[in-house]
1. How much of the pair distance distribution for region 1-86 lies past 22 Å, counting alpha-carbon pairs only, in percent?
2. Label region 35-81 by shape, choosing from rounded, prolate and oblate, from the square roots a ≥ b ≥ c of the eigenvalues of the Cα gyration tensor; if a/c is under 1.5 it is rounded, and otherwise prolate applies when a/b is larger than b/c, oblate when it is not.
3. Taking the simple approach of a point 7 Å from Cα along Cα-to-Cβ for both Met68 and Lys38, what is their distance in nm?
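None of the figures in this text is laboratory data; all of them are computed from the coordinates on show. In this text the structure is predicted, and so the values were computed from the model without any measurement. Here Cβ is always computed from backbone atoms with ideal geometry, including for glycine, and neighbour counts include all displayed protein chains.
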Amino acid sequence: MLGFTNLDFVALAFFLIAWIGYHAAVELTPAGQKSLNKMMNGYRYRWMEQMVVRENRIVDTTIMASLMNGTAFFASTSLIAIALPPRRPAAGCRRPRRRRRRRRRSSSP
């Protein structure tokens, strides 16, 4: 079926269980109500309420743009770091050795 192995299905099941478990632990438990995610959502909500009332929204727009650019940069660099394999020479390929230069002996009379 589509070239997936049993190990692929086990990995997918683990991912889904971890995702649901994280959501339950962070969002649904009393300990999760004091989490950083909840606090930041509260601050963002209050900020957006005040932004609607303010006349000049240039600063708010600048802050939002910088936040979006920062997260986009972090996400793209993380994907690049994960996707690129380490650079190693192929098996059987050796780096050429440097030849040492011999010093010429000065002939003294």
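1. For region 1-86, the fraction of Cα-Cα distances above 22 Å is 60 percent.
2. Oblate shape, in that a/c is at least 1.5 and b/c is the bigger or equal ratio.
3. According to this spin-label approximation, the distance is 3.0 nm.
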